1. Given the structure, is LEU111 hydrophobic (A, V, I, L, M, F, W, C) and either within 26 Å of the chain's Cα centre (by Cα) or surrounded by 20 or more Cβ atoms within 10 Å (Cβ to Cβ) (or both)?
2. Which is within 18 Å of GLN117 (Cα to Cα), crowded, with 20+ Cβ neighbours inside 10 Å and without any contact (Cβ under 8 Å) to a residue 60 or more places away in the chain, of TYR56, TYR17?
3. If you check VAL75 against the conditions, is it surrounded by 13 or more Cβ atoms within 10 Å (Cβ to Cβ) and either of a type in the set (A, V, I, L, M) or out of contact with any Ser or Thr (no Cβ under 8 Å at 6 or more places or on another chain) (or both)?
4. Would you please name the residue that is farthest from GLY279 (Cα to Cα), looking only at residues in segment 208-227 that are in a helix (DSSP H, G or I) and either without any contact (Cβ under 8 Å) to a residue 24 or more places away in the chain or not assigned by TED's automatic domain parsing to the domain that holds PHE238 (or both)?
5. Restricting to segment 233-277, count the residues that are among the hydrophobic types (A, V, I, L, M, F, W, C), in a loop (DSSP other than H, G, I, E, B) and under 13 Å from ALA181 (Cβ atoms).
6. When you look at SER154, is it farther than 25 Å from LEU413 by Cα, surrounded by fewer than 17 Cβ atoms within 10 Å (Cβ to Cβ) and not assigned by TED's automatic domain parsing to the domain that holds LEU218, yes or no?
7. If we scan segment 187-206, do we find a residue that is under 18 Å from ALA382 (Cβ atoms) and crowded, with 19+ Cβ neighbours inside 10 Å?
8. Give all pairs with beta carbons closer than 9 Å in which a residue from segment 183-194 that is touching a residue at least 24 places away in the same chain (Cβ under 8 Å) and assigned to a helix (DSSP H, G or I) meets a residue that is surrounded by fewer than 23 Cβ atoms within 10 Å (Cβ to Cβ) and among the small types (Gly, Ala, Ser); count only pairs at least 6 apart in sequence or on separate chains.
Amino acid sequence: MRLRMVVEWSKGSPLRYAWKEEGLQLVGEEEPAPVNYGLIPGLINPADGEEVDAVYLGHPLPPGTWAEGNLLGMVWLADGDHKLLLGEGPGLEDLPSLLAWFAPARRPTLLGPREAQAWVEELQGLQDRYLGAMLGLAVGDALGAQVEFRPKGSFPLVAGMEGGGPHHLPPGAWTDDTSMALCLAESLLERGFDPQDQMERYLRWYREGYLSAKGYPLGIGNATRRALERFARTRDPFCGDEEGAGNGPLMRLAPLVLAYRQSPGLLDLAHLSARTTHGAREALEATAVLAWLLKGALEGVPKEELLEMKPLLSWELHPAVRRVVEGSFWHEPKEGSGYAPATLEAALYAFATTSSFQEGMLRAVNLGGDADTVGAVYGQLAGAYHGKKAIPDAWLKPLFLRERIEALALDLLRASRRPALP
């Protein structure tokens, strides 16, 4: 495996720099470095939320140099910090001074290239799945919006990103599903889990068209509308009413799971996130089931194990949700429904009965009905399972605010080490 790093601290120099987007910034003077020290831009270690550190073995390289080399191994440290070793040869003359550079309490351990490559591939896979979950949500929303509200079988089958639909969208533009997901992502990153702030941002979208593809709240559901109008009057963040059994909490869920997948309170947070706009038991439970599935997909659980949902069979569930958990999704739905359990069922049908992101997405959105949300829910799950690399480039290229969506996904990966509650 070959990797590319940028040098921040030159071998033999006391001058230490830090790499920022705009270039190098001098940090200060320290003990001269025994190796060329730097980082691998774009490869994130969720253990600390920072780019992975690396050293380049061999002759000194000036700060700011981009150095590409073979992955020779890594130094594993007891405090959770790790340094990849790059170079063109063994570089053995640098290793004793490098290991001696670390404090004994950090217990530096030298690992070989096989272990190092496995660790890098695990990080790359997790990062790809994070990107896939957020991009998949938006892609599914945009594709499904082309046939939203149209009965199954009443339209030419969706085959690509063409735009149109009831909102007359350009190719790659999306509706309320992605707008609310981005509002939630920004809230989680800036405020942690704060339902009041989540509702403030949703209200801004509803009133001002914030993070909308067309400047106004495209496709807002009745339950969400009622909840936001109630919040505007009362400032109570939990405004979902008992009649709110729709799929609104499912369509925007991915950012929450991306931020808190390591939290033991994840499913409780999913319930609370749903309650801001929906209050029906089946909507809350369907949201928790999707959160469980998304967590497993992000962590690389095999599809067969995910779909068995064995731990969920012991839950006390609303009958409509229980039917889904017990496997009703293996049968083709009549249409893409806006009822939360039915949306989950339709998305799982597309996921369970196909082997690629593209095939499943087309199966999901061509169910018609509430096609944008079925596509968004499928896209979250299939994107988290297959990763960004599985999403066709022809669907990604025109995607509205693609760069912002990707940046939020990576920021959520950085934030995923954070405790669940303030």
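1. On the way: hydrophobic (A, V, I, L, M, F, W, C): yes; either within 26 Å of the chain's Cα centre (by Cα) or surrounded by 20 or more Cβ atoms within 10 Å (Cβ to Cβ) (or both): no.
Answer is no for this residue.
2. On the way: TYR17 fails: within 18 Å of GLN117 (Cα to Cα).
Just a single option satisfies the conditions, and that option is TYR56.
3. On the way: surrounded by 13 or more Cβ atoms within 10 Å (Cβ to Cβ): yes; either of a type in the set (A, V, I, L, M) or out of contact with any Ser or Thr (no Cβ under 8 Å at 6 or more places or on another chain) (or both): yes.
Taking the combined requirement at face value, the residue satisfies it.
4. Applying the first criterion (in a helix (DSSP H, G or I)) to segment 208-227 yields 208, 222-227.
Those left that are additionally either without any contact (Cβ under 8 Å) to a residue 24 or more places away in the chain or not assigned by TED's automatic domain parsing to the domain that holds PHE238 (or both): 208, 225-226.
Numbers: GLU208: 25, ARG225: 13, ARG226: 12 Å.
Once the filter is applied, the top-ranked residue is GLU208.
5. Of the residues in segment 233-277, the ones among the hydrophobic types (A, V, I, L, M, F, W, C) are 238-239, 245, 250-251, 253-254, 256-259, 266-267, 269-270, 272, 274.
With the extra rule that they be in a loop (DSSP other than H, G, I, E, B), the set shrinks to 238-239, 245, 253.
Then drop every residue that is not under 13 Å from ALA181 (Cβ atoms), which leaves 253.
Qualifying residue count for the region: 1.
6. Numbers: farther than 25 Å from LEU413 by Cα: yes; surrounded by fewer than 17 Cβ atoms within 10 Å (Cβ to Cβ): yes; not assigned by TED's automatic domain parsing to the domain that holds LEU218: no.
So SER154 does not fit the description; no.
7. Checked against the condition, which is being under 18 Å from ALA382 (Cβ atoms) and crowded, with 19+ Cβ neighbours inside 10 Å, segment 187-206 yields no hits at all.
8. LEU188/ALA415; LEU189/ALA415
The values are calculated or read from the model by the stated rules, or taken from the named source; none is laboratory data. Remember, predicted model here, so these are calculated numbers, not experimental data. Neighbour counts run over all protein chains shown; Cβ positions are idealised from the backbone, glycine included.
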